[in-house]
Amino acid sequence: MSDNPDQTAVVPEPGAGQTDTIVLEGVEKIYPGGTSPAVSQLDMTIKQGEIVMLIGPSGCGKTTTLKMINRLIEPTSGRILLDGKDVTHVNGDLLRRQIGYVIQQGGLFPHFTIADNIGVVPRMLGWDKQKTKERADELLHLVGLEPSTFRDRYPRQLSGGQQQRVGVARALAANPPVMLMDEPFGAIDPITRDRLQDEFLEIQRTVGKTIAFVTHDLQEAVKLGDKIAVFATGKLEQYADPETVLTRPANDFVSDFVGGGAAVRRLSLLELARLELHPIETDEKAVGNSNGTPVVEIDASGKPVSWRHLPGADASGVALVTVPISGTVYDAVDVMLDGAASLVAVVDDDGRAQGVLHWNDLVSGLRTRERDA
Amino acid sequence: MSTATPETINTQAQETVEEVEGKKESGLARLWQQHYDLVILPAIIILLLILLFVYIQTRDLDTIEERVLAADNVWGLLRQHLWLAFLSTVLVLIIAVPLGIVLSRRGARKAQGPVLAIGGFAQALPPFGVLLLMAFWLDFGVTTAVIGLTLAALLPVLRNTVIGLQQVDQSLIEAARGMGMSSRQTLFRVEIPLAVPVIVAGLRVALVLNVGTATLASYIGAGGLGELVQQALRLNRINVLLVAGAVIATVALLIDWLAGVVERVVVSRSG
């Protein structure tokens, strides 16, 4: 739907054929009675299928910016383009029906059942009952809630995490190309939030929406964002991918905002699959080798169970910890700290050992990469 | 991390299925557990009415007493009474709820204070005096009585409508607008339904107020159970006075009880 024929002609490769879905041109907001603009002269482009995280201290204009995209807040000046069309002056209600909107706690209507909540926008768009019902079931399934159990319940019968899942499903109901999310996971406990974030990324992989996402949590921004937009008092200070924001902050404000711990946060951006891992042996004969390769004992299915031999250490005294290769260095550090182990076996999807990551390697490995960058 | 998710969802689903089955089995028991307190008041009323009935049966009533206490007379006055209370409450509903909705709109919020103050003033006036004065000003009869009762009971409904709409979670209104509901759709599909329990509570207060105040309507010739009291006083018959008092109290309590039941149903429906 966002395939503007002109733009696809300009960018021939379909993989890289990302069109600009959301464009803000010189957008400004001055609240009545306000002296300085809440958002001043903002230019910003969000490409199709991207998740852009709007972050900054409170009062920085991130939420105002988000709400100007669907014109819940009318910009004082400037232009907003969606899919190349100027929507600055179209009917706001009709515009908002084309844009998914998720708020904190889901914002579910307590007097509507779950299915009715999801069906709000489809009904306004004139879908028939059957189609609306099928869509609600489909979406409940997508967000991991069993439709037969949940569709006739009321929001108060659901946990916070479940409500938030329904909130996402509701925003997806009419299959809008663009989604706006206003701190959707802000009021949820850390463990559930972490799981919702994982599921959110999983869902995004299948639906591929263009998403603007307001958060105050840098961790969340780094984890979810394709790009991060750092705001300060109405101005965009830096707009780049997470790694760039963390490693090369554009100015003092951004580096202050990113603050200490940037190196640790970067760990979650480094995928284990991208690292050069040390070899690992599963063969019994390799015990006592002199080339420093650790040997692991495996069970019948090929999964490592314990260390058989560790060069320069007592193998029986070191716990075997594993991390899936689909994870990040952050996960590897996490399991090492958790298991009090100085090395971790990286395993593939079937649980087979692929290599080893040492605590020391990790430190030097990160340094090399930073020099590369 | 992500591998644990399908399992967790599965167990969640199983738990909830069990929960639902458990609810079906004990549906009646649960209903009793939640609402057994509703039985107490009617039980007390019935007991007292039986005692009163037995007492009256044991008295030797003279012909005047028998005529006044004849079912026809009492029943007719009761119907008049309920009609007065019902009409004035409906009028309150028709006037106060729309007015409250208008007052809660953005453009009219400034008028909220003054209008509520006038409502408070109207409620503070003694209804007896208002009824008498209005009767001299307008006319003696049912119409004047209904107008007087309506004025005296406007405030609780007006105030509850304004408060009910005010306390609707702002984030829900924002969610509604954010999904593309017009302000009208938001009002009728989100704000009003969520304010209904509070509005109904106000209506209950107005109804009970009207049932009580309607006793005074007999003084301006509008009939009602007040007439029974007046007859008893005029004829100096203590047994009639006893019955009149008991009937008035019973009606007020029963109406309040009924309104309470309706309120519970509304609250449980609107989540």
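Bear in mind that the values in this text are calculations on the coordinates, not laboratory data. Here the structure is a predicted model, which is why all the values come from computation and not from measurement. FYI the Cβ positions are ideal-geometry reconstructions off the backbone, even for glycines, and counts take in every protein chain you see.
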Expressed as a whole number, the average count of other chain Cβ atoms within 10 Å around the Cβ atoms of A:106-113 is 5
Listed by chain and number, the residues whose amide H is under 5 Å from that of A:Leu42, excluding neighbours fewer than 5 places away on the same chain and using placed H, are A:Gly26, A:Val27, A:Glu28
Evaluated at 20 °C and 1.002 mPa s, the Stokes-Einstein D of the protein assembly as shown based on the Kirkwood radius over Cα pairs, in µm²/s, stands at 70 µm²/s
Percent relative contact order for region B:150-261, counting Cα pairs under 8 Å at least six residues apart, stands at 26 percent
Shape descriptors of region B:73-269 over alpha-carbon atoms, Rg and Dmax in angstrom, are 19.5, 70
To the nearest 0.05, the calculated FRET efficiency linking A:Asp283 and A:Asp338 through their beta-carbon distance, R0 being 51 Å, is 0.95
When chain A is treated as a Gaussian network with springs between alpha carbons less than 10 Å apart, the largest mean-square fluctuation among A:Val178, A:Val318, A:Val23 is found at A:Val318
Across B:Asn160, B:Asn239, B:Asn210, the residue with the highest GNM fluctuation in chain B (Cα network, 10 Å cutoff) is B:Asn239
Computed for the protein assembly as shown: size of charge dipole around the Cα centre, +1 on C-beta of each Lys and Arg, -1 on C-beta of each Asp and Glu, debye to nearest 20, value 2840 debye
Between the Cα axis of helix A:359-372 and the main Cα principal axis of chain A, the angle (0 to 90°, nearest 10) is 50 degrees
Measuring from its Cα centre, chain A shows a charge dipole (+1 at each Lys and Arg Cβ, -1 at each Asp and Glu Cβ) which, in debye to the nearest 20, is 1220 debye
Residue by residue through region A:123-138, the couplings from Karplus 6.51 cos²θ - 1.76 cosθ + 1.60 with θ = phi - 60°, in Hz, x for Gly and Pro, are 5, 5, 7, x, 5, 7, 4, 4, 5, 5, 5, 4, 5, 4, 4, 4
For chain A the mean separation of alpha carbon contacts under 8 Å (6+ apart) over residue count, i.e. relative contact order in percent, is 15 percent
Shielding of B:183-196 by other chains, given as the mean Cβ count within 10 Å, works out to 2
Expected vector for region B:30-43, Karplus 3J(HN,Hα) from phi with 6.51, -1.76, 1.60 and θ = phi - 60°, integer Hz, x for Gly and Pro, equals 5, 4, 4, 4, 6, 10, 4, 5, 5, 7, 4, 4, x, 4
For region A:181-195, Karplus-derived ³J(HN,Hα) couplings (6.51, -1.76, 1.60; θ = phi - 60°; whole Hz; x for glycine and proline) come out as 10, 10, 6, x, 9, x, 9, 10, 4, x, 5, 5, 4, 4, 5
Taking only the alpha carbons of region A:112-189, the radius of gyration and the largest Cα-Cα distance, Dmax, both in angstrom, are 12.0, 38
Once the in-chain neighbours fewer than 8 apart are removed, the lysines whose Cα is under 29 Å from A:Lys85 read A:Lys29, A:Lys47, A:Lys62, A:Lys67, A:Lys131, A:Lys209, A:Lys227, A:Lys235
For region B:73-269 the mean separation of alpha carbon contacts under 8 Å (6+ apart) over residue count, i.e. relative contact order in percent, is 28 percent
Sorted by chain and then number, the residues having a modelled amide H within less than 5 Å of the amide H of A:Thr282, at least 5 places away or on another chain, are A:Val296
Quick calc, B:Ala29 & A:Gln219: beta-carbon distance into FRET formula, R0 56 Å, rounding 0.05, result 0.70
The set of residues whose placed amide H lies less than 5 Å from the amide H of A:Ile228, leaving out same-chain residues fewer than 5 positions away, is A:Met53, A:Ala240, A:Asp241
